[in-house]
Amino acid sequence: MKIINLLGTAVLVTLLSLFGVAHAQKSGGTMVFLVQPEPPTMAGYVSTSGPIGLLAPKIYEGLFDYDTAGKMIPVLAESYEMSADGKTVTFKLRKGVSWHDGKPFTSADVQFSIMNVLKEVHPRGPNSFKEVSSIDTPDSHTAVFNLDNPAPYMMRAFSAYESPMVPKHHLEGQDLKGAKLGNNPVGTGPYKFVEWKKGQYIRLDKNEDYWGSDGPYLDKIVGRFVPDASTRTAAMENGEVLYAAYNAIPNIDAVRLKERDDIGVTTDGYSMINPMALIEFNTKEGPFVDAAVRRAISTAIDRQFMIDTIFFGYGKPATSALSSNFSATGLHAEMPNYPANGDIAAANKILDDAGYAKDGNGVRMKGTFDLIPYGEDWRRGGEYLKQVLGDIGIQVDLRYEDVPTWLKRIYHNYDFEMNLNYFYQLSDPVLGVHRHYGTNMIRKGTHFVNSSRYSNPELDKLLRAGMTQPDATKRAAIYKDIQTILAEDMPVVNLFELEFLTVFNTKLKDAYGSAMGAYASFGNAWLDD
Amino acid sequence: MNRTSKILRYVSRRLLQGIPIILAIIVLNFFLLNLAEGDAVDVLAGEAGSATPEYMDQLRAKFGLDKPLPVQLLVYLKNVVTLDLGYSFRHDMPVSKLIVDRFWPTLLLMVSTIILAVGFGILLGLLAAVSLNTWKDAIITVFALITYATPLFWVGLMMIVVFSLNFGWFPTSGMENIAAFHEGFDRVKDIAHHLVLPTITLSLFYLALYTRMMRASMLEQYGLDYVVTARAKGLTERRITFVHVLRNALLPVVTMAGVQVGALIGGSVIVESVFAWPGLGMLAFESLFARDLNLLLGIFLLSSALVVAVNLIVDVIYSFLDPRIEIG
Amino acid sequence: MIDFWKRFSRNRSAVFGLAILVAVLFVATIASLIYPEDPFRLAGKPLSGPGLNGFLLGSDSLGRDVASGIAHGAKTSLLIGLIATLAAVFIGIIFGAFSGYYGGRIDDLLMRITEIFQTIPSFVFAILLVAIMKPSIESIVIAITVVSWPGVARLVRAEFLSLKNREFVQACHTLGMSDLRIMLREILPNCLSPIIVIGSLMVATAILIESGLAFLGLGDPNIMSWGFQIGAGRTMLRSAWWVCTFPGIAILITVLAINLVGEGLNDALNPRLRERQ
């Protein structure tokens, strides 16, 4: 029986932070940070939407958090114990924790949160907790998860953002989507919800009864909504806001602000998100059904140029279907057909060899290129790609529609030929990458899954094997095969690994410590004056 | 028939005429919005990250989006008749509450903008008209036109750079200092402080309109017979301008200002966006892209009703100011 | 004609405006000659300042030539303004003419329809139309037309109302002319001058609306226009001011010129002002 005592590590971490840091934390102050765009509600248990992620984890907590090295930090659970067959996981819950309304937090809340909320209505919960068949609550501070099959990846999904614990007494018997809790969140976290002025800000005040011994130090944290990017930068420069994550400050400004003494810029805090820019192709109809054309396109693109000009140097050229961040677990393998600087001549040769001749105007084929409607950067990307495609004889028209139209087109009507997009590869390929390629992930009407409708039985088999293989070396071999097939077929051409930026005022200290970055709690953050 | 009852009859007739207009606006926009691909559920699911089609269907049923369009429209109209603007499923809040929260900031910005623009417009237009075709006239005309022709967001951003960042006189954006949470009179002062830059930016845009109207209106009056008579009577040019012409010339300008206040209730998407001002314009903009139909229709309904009402009020006031104008 | 020009040229700023407008038109016409390459083409080092690396007005974040974009964009922006204005004037004349000429029920009906479009907040309505029809040059023109025509309709109606009872129109009735002929051949030519004035201003407004739409990300992604350049450069205003400043200046100058010309036309065509001089 494998027992992991996380409490010990936690104490150690606390001691380190007490003695290792020269200055002591100061209490007090209001920390204003940017939230963009304004979220519809704060129901983090039904939505993994970015702006909700910036707010809800300050109010709600998960069973665990993860430090920057990926280690589990106990939060609402103090420890866990996994049976030898991996099918029973027992959580010891923290005692003396209460909800913001004063009611105690118990194992019944955990049971309800996982079984009735996350498994039912959360976007990723049904995957993360797929194997959980039931949860027993022998006492008020023990929760026993009964699994059908071992699910090691589940242990990466207990953060406040990914799987928030919600108060049973506020949700039981209610319609989860319309419950009052969505706009009036009640959690166990370091900050309590106070006020939401629509169009302006959300205010959270310090939870005086927080269970933690260190923190929270801030009196208030306020999430502010500023629609225009240039104004966001100005507000940061003026000290009106102190923290801006997920590229709320455009890269070009971040590069400029970095030079100032009072402002810092970091790419930390996104390792569990792992975003990848890519092009999805329609593999069923249209001009890009031939894998050779897709390979040619991948060969032609100057990935480094896109990173340098559009994201001002932040990013890494993709070298396979998997992000290089998976190198740590040995899953990533570099593949051919992903030249960092692009090779127009080689791309033209691939197309010539495949029999696509140029007409009098140098055009081999025509098509339409959809762009993800998430801001100017992607338009620039599309404009650059249009030029490159023109160089290899593929003439495309760009199409930039609003979000609902685009979602419907790509994931419901499949009425597209190629589409610029980005996906979160998350902390494990099972969670973030499989959805793109598996035949079982061709789900009409479900967003951000296999819109290429690529289906390859051989690959499906490998994906299944990769999901359950516990041995690291064997798993790496499986994923190498997967990447080899995908480098050849390329239903999706990966462009580059995005590096999101967080821009912060250096007055703000210890906003980090969690791998979740901006999606963590600010529980230890404090202001130095 | 006496004048009061005549006005009352006129008002009630105009109000009755306003109803079909507002209904038509609802119906038109209802169908326009339904022509657009995707609905509120698609947006919510897309933002959430993922959702199964079954869950999305459940949501549609809950929002009433699964019913045929005519039924949805009838339900909406039925609600409107009982003065209920419906529910925003996206925000999980009644539409009226969302709109009211954003109405006051909009009104504040718009009224201060109009006052500033009309005040300066009248002044400049007057100056231009009395010095017609001189360098003063030319400079005023060009100045007003430059402020009109410069893209709004550019002016806004420059205001922020110069007056917030360089001089530090004003905050960059927002309506209140939200780190401080002022109360009482301090809060009023704080809001006024935040109001300065967006007001100036937006009024620069309207300044040209009022300057030009005032100038044209003055010139028009100068050409009328009574001015010739006055001149013949030997009145000074100064007296003619300030006593006779000015008064009459103001009328159309003030009317226009009234009409504009109504139209401006829709908000200014660009200025609200640049200054993060929590007005109705941005709310409408966001609700369009979120396919939050009830909310968008609610905003249209409110602003249309206001335009109708303000136009009516202006006409009535007008008839009091100038008894020659026959209403009815 | 000579007489008209005399009156027009008395307004020096109007002549100045006309000169600018002619220059802009000239640039738009020869754009493909001076910059034969696609303005979207990556032409050199990104974010070069004005005058550097062979870029007269600098380059944008992808290394596209800002000057080339302005020259090509001139055509687009002017065309958007012109077509939208012509369409709006056309619709406005039809609505205004019938409404003013026939009066009564027809007037009531047409004016109510006009009011519907006048009562909706116009910029938000334009955004809505573009979003629904998908951002493209056509949808932008349609949206601008839809929000601009009611003004023309009202103006034309007022003119028709005042002209239809004049003696010369009465005379035509006695001669047995058809209504359509009277409207087209007799009344309309007499109200052309205010239409020209309002139309000239609408061209300017249309250019501004296009840039506003582009600012909000609703421009046509395939066609170079000033609005597009501004939209693409606005986030880098602080670091690379030239990317959207020069297109902004192009808009400013053009809108200014059109307005000056409009003002000049107004003064020259307005008979009352004629007498004052």
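The values are calculated or read from the model by the stated rules, or taken from the named source; none is laboratory data. If you're wondering where the values come from, they're calculated on a predicted model, not measured in any experiment. Cβ coordinates were reconstructed from backbone atoms using ideal geometry, including for glycine residues, and neighbour counts include every protein chain displayed. The area values use the complete protein model at the heavy-atom level, side chains included, leaving out ligands, DNA and RNA. Shrake-Rupley method; radii C 1.70, N 1.55, O 1.52, S 1.80 Å.
Summary of computed values
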item	result
Counted residues, region A:419-434 - those being at pLDDT 90 or above and in contact with a Ser or Thr (Cβ under 8 Å, 6 or more places away or on another chain)	2
Residue list for region A:238-257, restricted to those being in contact (Cβ under 8 Å) with a residue 12 or more places away in the chain and not hydrophobic (A, V, I, L, M, F, W, C)	A:239, A:240, A:243, A:246, A:247, A:250, A:251, A:253
All positions within region C:237-247 that are open to solvent by 10 Å² or more (accessible area, probe 1.4 Å) and in a helix (DSSP H, G or I)	C:242, C:245, C:246
Neighbours by Cβ (under 9 Å, 6+ apart or cross-chain): first from region A:210-231, more than 11 Å from residue B:275 (Cα to Cα) and within 14 Å of another protein chain (Cβ to nearest Cβ); second among the small types (Gly, Ala, Ser) and assigned to a helix (DSSP H, G or I)	A:224/A:235
Contacts under 8 angstrom Cβ, first residue in region A:287-301 being within 15 Å of residue A:453 (Cβ to Cβ), partner in a loop (DSSP other than H, G, I, E, B) and of a type in the set (D, E, K, R), 6 or more apart	A:288/A:417
Any hit, region C:49-58, residues being surrounded by fewer than 20 Cβ atoms within 10 Å (Cβ to Cβ), in contact (Cβ under 8 Å) with a residue 12 or more places away in the chain, more than 14 Å from chain B (Cβ to nearest Cβ) and touching a strand residue (DSSP E or B) at 6+ places or on another chain (Cβ under 9 Å)	yes
Checking residue A:325 against (1) modelled with pLDDT under 95; (2) not in a helix (DSSP H, G or I), the condition it does not meet	(2)
Selection within region B:123-178 - in contact with a Lys or Arg (Cβ under 8 Å, 6 or more places away or on another chain) and among the small types (Gly, Ala, Ser)	B:125, B:128, B:129, B:138, B:144, B:174
Test: residue in region C:258-273 that is more than 9 Å from chain B (Cβ to nearest Cβ) and within 30 Å of residue A:382 (Cα to Cα)	no
Residues located in region B:70-121, provided they are open to solvent by 40 Å² or more (accessible area, probe 1.4 Å), under 15 Å from residue B:203 (Cα atoms) and of a type in the set (Val, Ile, Thr)	B:111, B:115
Hits in region A:174-206 (condition: assigned to a loop (DSSP other than H, G, I, E, B), in contact with a Ser or Thr (Cβ under 8 Å, 6 or more places away or on another chain) and more than 8 Å from every other protein chain (Cβ to nearest Cβ))	A:188, A:189, A:190
Residues (of a type in the set (A, V, I, L, M, F, W, C), assigned to a loop (DSSP other than H, G, I, E, B) and either open to solvent by less than 10 Å² (accessible area, probe 1.4 Å) or at pLDDT 95 or above (or both)) located in region A:249-299	A:249, A:273, A:288, A:289
Counted residues, region C:83-128 - those being within 14 Å of chain B (Cβ to nearest Cβ) and assigned to a helix (DSSP H, G or I)	21
Every residue from region C:130-144 that is open to solvent by 10 Å² or more (accessible area, probe 1.4 Å) and away from chain B (no Cβ under 14 Å)	C:136, C:137, C:138, C:141
Residues (away from chain B (no Cβ under 14 Å), in contact (Cβ under 8 Å) with a residue 40 or more places away in the chain and open to solvent by 20 Å² or more (accessible area, probe 1.4 Å)) located in region A:379-429	A:391, A:417, A:427, A:428
Boolean, residue B:145 is under 20 Å from residue B:271 (Cβ atoms), modelled with pLDDT under 85, within 26 Å of the chain's Cα centre (by Cα) and at the interface with another protein chain (Cβ under 8 Å from one of its Cβ atoms)	yes
So residue A:513, is it outside any helix (DSSP H, G or I) and open to solvent by 20 Å² or more (accessible area, probe 1.4 Å)	yes
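This table checks each residue for (1) under 23 Å from the mean Cα position of the chain (by Cα); (2) charged (D, E, K, R); (3) on the phi > 0 side of the Ramachandran plot; (4) in a helix (DSSP H, G or I).
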position: B:5; (1), (2), (3), (4): no, no, no, yes
position: B:25; (1), (2), (3), (4): yes, no, no, yes
position: B:30; (1), (2), (3), (4): yes, no, no, yes
position: B:41; (1), (2), (3), (4): no, no, no, yes
position: B:45; (1), (2), (3), (4): no, no, no, yes
position: B:71; (1), (2), (3), (4): no, no, no, yes
position: B:75; (1), (2), (3), (4): no, no, no, yes
position: B:85; (1), (2), (3), (4): yes, no, no, no
